[in-house]
Amino acid sequence: MSCAVFSFLNSPTKPTMRFDSINRLTAAAKESAVQGSVHAQVMQSLTKTTKAGKPYLEITFADTEGSFTLKVWDNAPWRAAFAALQANNAVELFADWSTSDYGLEAASLDLRMLTPAEEEALLTGSAETRARQEAAWETINTLADSLRDPRLHALCRLFLDSFATRFRRSGAARKMHHARRGGLVEHTAGTMRAADAICAAYPTLNRDLVLAGALLHDCGKMAENAYEEHSFTMPYGLSGELLGHITIGIELVNSLWKSLAAEHKAEWASLTPTTEHVRLHLLHLLAAHHGTQEYGSPVVPKTPEALALHHADDLDAKMEMFRAAYESGTALSDHVLQGKFPLPNSVKPLAGFDAQD
């Protein structure tokens, strides 16, 4: 990709402050107007007109953590450069940034195309995002390798080794929680940590089964919520729309299981519980993890392990909603922030007790 620079600023020097994510730029602009730059990818560019017939461009930009839309008016000196942008172009945007009731706004716009190395860094996120997702990936692999049941261990390893690339770029949702590139890995790791803690609190649970279910419960989202390889666009596919991630996940896990069972037929024949019972109980965890039929599960949890997984999954999703509200929610008062749907308004958490000498 060309690294051409389009410059329309009156000043001979560009702003020097670089924000490493859209969310950080938005948070700073909420406090006061700021001058600086941010790396982002073009999601879409639309030509529109106002009610008075005045033409303008509406361009949506995104990174791993957020997105925003800018209006570029027809008489702006930078319009030609922005009109040339296409979907998936990766750019550095320079501007005087502020926020309004409509979100992030920019004046004195300028841009340049990113280098291939910068574009790759954009796709993997800020340093904080990369560190968080690498830690999540390590957690997933460590907990998967701790399984003692050879059948569940083999299944989890086959899944991780076969689908690592697609799994690591998928989102956990489109809107509700972890709705970002790499979000599925973060949510899966959080669900596995919560499941492991629940198993420690209730040692009669089959830990191997619960952790395998935690790893695989949303694997169907690789079809339903997968991002394109070099894009922040999450397309809509027929399988995701017609079947949904629970059905797709059951089909995928069943397919992997049957291939392993055929390969290890002799050595698994004498294991207890039986291989068929383990398969059915694992598939039940995937089928029941939404907890109720009202929320999309074909069956409700009918085993303690299925109930434990449902609550681990739900807890991690809701904790992420709180995190998002605290990070970017609109302050309604000193202690209350606008909640992340479907949660109510979020109250700032109580700090831990700090013992004084």
(request) Determine ³J(HN,Hα), in whole Hz, for all residues of segment 181-195 in sequence, where each value follows from phi through the Karplus function 6.51 cos²θ - 1.76 cosθ + 1.60 and θ = phi - 60°; x replaces Gly and Pro. (result) 4, x, x, 5, 5, 5, 5, 5, 4, x, 5, 5, 5, 5, 5
(request) Enumerate the amide H contacts of Thr99 below 5 Å, restricted to partners 5 or more residues apart or on another chain; note that Pro and chain-start residues carry no placed amide H. (result) Glu105
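Quick one: divide the alpha-carbon radius of gyration of segment 234-347 by 2.2 N^0.38 Å and tell me what you get.
Details: Rg = 19.5 Å, N = 114, 2.2 N^0.38 = 13.3 Å.
Ratio of Rg to 2.2 N^0.38 Å for segment 234-347: 1.46.
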(message) If Rh is defined by the Kirkwood formula over all Cα pairs and Rg also comes from Cα, what ratio Rg/Rh do you get for segment 233-281?
(response) 1.18
(request) Can you tell me the 0 to 90 degree angle between the C-alpha axis of helix 150-169 and the longest principal axis of the chain, rounded to 10? (result) 10 degrees
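Once you list every other residue whose beta carbon is under 10 Å from the beta carbon of Ala173, what net charge do they have if Lys and Arg are +1 and Asp and Glu are -1? All intermediate terms of the calculation are to be shown ahead of the outcome.
Numbers: positive: Arg174, Lys175, Arg180, Lys221; negative: Asp218, Glu224, Glu320.
For residues surrounding Ala173, the net value is +1.
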(request) Could you please report the charge total around Asn88, scoring K, R as +1 and D, E as -1 over all other residues with beta-carbon less than 12 angstrom from its beta-carbon? (result) -3
(message) Given the whole protein assembly as supplied and a 1.4 Å probe, what does the accessible area of Lys340 come to in Å², nearest 10?
(response) 70 Å²
(request) Would you mind checking the radius of gyration and Dmax of segment 280-357 based on alpha-carbon positions, in Å? (result) 17.4, 56
(request) For Met43, tell me the accessible area in Å² from a 1.4 Å probe, rounded to the nearest 10. (result) 60 Å²
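Per residue, how much space in cubic angstrom lies within the convex hull of the C-alpha atoms of segment 122-252?
Working: hull volume 14.3 nm³, N = 131.
With only Cα atoms used, segment 122-252 gives 109 Å³ per residue.
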(request) Once you have the Kirkwood Rh of segment 219-259 from its Cα pairs, apply Stokes-Einstein at 25 °C and 0.890 mPa s and quote D in µm²/s. (result) 230 µm²/s
(request) Any chance you could tell me what percent of the C-alpha pair distances in segment 28-81 go past 15 Å? (result) 60 percent
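Can you compute the helix-only [θ] at 222 nm over the chain? Use -39500 (n - 2.57) per DSSP H run of at least 4 residues, normalise by all residues, nearest 500 deg cm²/dmol.
So the helix-based figure for the chain works out to -15000 deg cm²/dmol.
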(request) Can you tell me the order of 76-87, 18-29 when each peptide is scored by its average per-residue count of other Cβ atoms within 10 angstrom, highest first? (result) 18-29, 76-87
(request) Quick one: compute a quarter of the convex hull surface over the Cα atoms of the chain and quote it in nm². (result) 23.7 nm²
(message) With a 1.4 Å probe and all protein chains left in place, how much of the accessible area of the chain comes from carbon and sulfur atoms, in whole percent?
(response) 55 percent
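Taking the Cβ of Thr99 as the center, what net charge do the other residues with Cβ under 10 Å away carry, scoring Lys and Arg +1 and Asp and Glu -1? Could the numbers behind the result be given before it?
Working: positive: Lys30; negative: Glu31, Asp101, Glu105.
Charge balance in the 10 Å sphere: -2.
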(message) Just to confirm the number: angle between the C-alpha axis of helix 207-216 and the first principal axis of the chain, 0 to 90 degrees, nearest 10?
(response) 40 degrees
(request) Using only Cα atoms, tell me the angle between helix 275-288 and the longest principal axis of the chain; keep it within 0 to 90° and round to the nearest 10. (result) 40 degrees
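The values are calculated or read from the model by the stated rules, or taken from the named source; none is laboratory data. What you see is a predicted model, and the numbers here were worked out from it, not measured in a lab. So basically every Cβ, Gly included, is an ideal-geometry build from the backbone, and we count neighbours across all protein chains shown. Heavy atoms of the whole protein, side chains included, go into the accessibility calculation; ligands, DNA and RNA do not. Shrake-Rupley method; radii C 1.70, N 1.55, O 1.52, S 1.80 Å.
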